[in-house]
């Protein structure tokens, strides 16, 4: 009887593992539409409130796009909306190029559409959700594609090491002094306590301010889960509207921590997004 029970448990465990792995057809179509997803294992994430109290939350396993959504994928989505005659959705989702002029020279940089390998920016939260809806329509199958929640995003960004402030460890540069992320790094950066709050003071040459722009979505080093640019490059929207995480190319090092929050009220050249795939329950 014990042998039979162990056999059943083994089969169940194998079946559960298989259930997490997408088939080759799914992986191929994902790559065509949006890119490569990596596995994020189940685990726990500890939340600390303003009083210092902690709560441990269980995070179910999911899959996450290894990069921010690129101009190539987002423009494929926009062109398909037009081809289907869904102009109302197109107007909600289209890239707000007027926002790009908030950063001098941004409109002449390859990060602005339609150059493909850079993260899409200047879109609304509603546009990001419409992209997820479109992806679900195209994919069908056993996964639900959506924006990660704040907890899912932070859990994945840590790459299994919850005490790190950044996805690759406690430091912003490697041993040679080369930056590990794309962030504002002109001049000296100092942090001081003022009125009970940390204040970042940056000393930089304003003439170089506009030189910092997004890098390719797949650049720098991935974290332990295989995710690129979870800090810096562009801050990333999550399911909860109004706050993006991870900081951007125009934020100093202290503000590209995993927990760094960037409020927004509309499209911004500093903010993009990435998608997760959650297995549907049957």
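Points worth noting:
- Among the residues of the stretch 157-168, those identified as more than 16 Å from residue 244 (Cβ to Cβ) and surrounded by 14 or more Cβ atoms within 10 Å (Cβ to Cβ) are 158, 159, 164, 165, 166, 168.
- Within the stretch 134-156, being under 10 Å from the mean Cα position of the chain (by Cα) and either in a loop (DSSP other than H, G, I, E, B) or surrounded by fewer than 22 Cβ atoms within 10 Å (Cβ to Cβ) (or both) holds for 147, 148, 154.
- Count of residues meeting criterion [assigned to a helix (DSSP H, G or I) and surrounded by fewer than 15 Cβ atoms within 10 Å (Cβ to Cβ)] in the stretch 43-94: 6
- Of the residues making up the stretch 95-105, just one is more than 30 Å from residue 158 (Cβ to Cβ), at pLDDT below 90 and buried (at least 20 other Cβ atoms within 10 Å of the Cβ), namely 100.
- Restricting attention to the stretch 250-272, the residues that are out of contact with any strand residue (DSSP E or B) (no Cβ under 9 Å at 6 or more places or on another chain) and surrounded by fewer than 24 Cβ atoms within 10 Å (Cβ to Cβ) add up to 4.
The values are calculated or read from the model by the stated rules, or taken from the named source; none is laboratory data. These numbers were taken from a predicted model, which means no experiment stands behind them. Using ideal geometry, Cβ is built from the backbone for each residue, glycine included, and neighbour counts are taken over all protein chains shown.
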